[in-house]
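The values are calculated or read from the model by the stated rules, or taken from the named source; none is laboratory data. Keep in mind that what you see is a predicted model, and the values were worked out from it rather than measured. When we count neighbours, we look across all protein chains shown, and the Cβ atoms used for this are built from the backbone with ideal geometry, even at glycine. Ligands, DNA and RNA are stripped out before the accessible areas are found, and what is left, the full protein with its side chains, is counted by its heavy atoms. Shrake-Rupley method; radii C 1.70, N 1.55, O 1.52, S 1.80 Å.
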Amino acid sequence: GTNSGVTPTIAIDTTNNKALIIADNDSATPSSILTLYRCNLDATGCTQTDLSTPLGLGADSAQRPEIIIDSVNQKIIIATTDSSIAATLRLLRCELDGTGCTTTDVCADSGEGNACAQRAQLAIDTVNNKIVISGANGNSANSLSVYRCDLDLTNCSHTDVAGNLGLIGGTGNQSSLALEFLTNMLLVAVRDNTNNNKLSLFRCDLDATNCTYTDISAGQGNFSGKQPSIVVDTTNYNLLVVTENGDNGNRPGLFLQ
């Protein structure tokens, strides 16, 4: 129905040749529940599965979901802001067909309060077999935090990446996460509210230690770092970030490092 695909993200299941789409389904009752759509790679034969209800998750459990695939264990991993529990960070782990899901409250498990990682971003650390999540920590004025959990959703830990560098407030509101395995680095591009909304980069070891912070706005002005999206070019060993460049009429701005 209408509003059944709010803030969707997509991953490719190469084992079964399926496109997996997770979305906030506002057409369902209760509203704002996690729905998984599975389609053939030519966009035919789509099915949908309600992931929230079997886990006892209620309305508003599906704010800005992110999906990736744990290819080693052949599992779907989903991060979502669960506003039915004061905007807590929730992880789900499911079979590739959307069955057999389990879940954990990362904010609670890591000892952080609710709203610990809004607008969460998600990656798999294949070196250390960890799920890595970055997001805006509402307990520290939306500064950037990173969480790491085992692939079975246990043993979640928290690192106050921005706070450890003395940067409090607004560094995590809009972020994008990538892992780079040539030098084993965790990279987070952010729209830095503490630096006039310019594009900045946090660069850490894979365990979120030894972090550095760099303004990578390359001479672009205020609001040039809106809605960042980061990828690693493993062929040329470059870092690419695209933003909605508010200093240039909200046109796409591509930054190369």
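Details
- Extent along the principal axes, Cα only, for the chain: 47, 41, 36 Å, with the longest axis given first.
- Spatially proximal lysines relative to residue 75 (Cα-Cα < 29 Å; intrachain offsets below 8 disregarded): 18, 130
- Eligible aspartates and glutamates near residue 198 by straight Cα distance, threshold 20 Å, same-chain separation 8 or greater: 215, 244, 247
- Surface composition of the chain: carbon and sulfur atoms hold 46% of the protein heavy-atom accessible area at a 1.4 Å probe.
- Solvent-accessible area per residue for the chain (1.4 angstrom probe, square angstrom): 42 Å²
- Diffusion coefficient, µm² s⁻¹, Stokes-Einstein with Kirkwood Rh over alpha-carbon pairs of the stretch 206-257 at 25 °C and 0.890 mPa s: 203 µm²/s
- Dimensionless Rg ratio for the stretch 91-218, taking C-alpha atoms and the 2.2 N^0.38 Å reference: 1.03
- Note, ³J(HN,Hα) from phi for the stretch 34-51, Karplus 6.51, -1.76, 1.60, rounded to Hz, x at Gly and Pro: 6, 10, 9, 10, 10, 10, 5, 5, 9, 6, 9, x, 6, 10, 9, 9, 7, 8
- Residue-averaged [θ]222 nm for the chain, counting only DSSP H segments that reach four residues, each worth -39500 (n - 2.57): -500 deg cm²/dmol
- Size descriptors for the stretch 82-157, from the alpha-carbon set: Rg then Dmax equal 12.2, 38 Å.
- Among 103-111, 246-254, sorting by the average number of other beta carbon atoms lying within 10 angstrom of each residue, highest first, gives 103-111, 246-254.
- Check: the chain dipole with +1 on Lys, Arg Cβ and -1 on Asp, Glu Cβ, in debye: 420 debye
- Cα-Cα pairs of the stretch 16-65 separated by more than 17 Å (percent): 35 percent
- Positive dipole terminus of the chain, leading residue within 102, 126, 223 (C-beta point charges): 223
- Ordering of 3-11, 144-152 by packing is 144-152, 3-11, highest average first (other Cβ atoms within 10 Å, averaged per residue).
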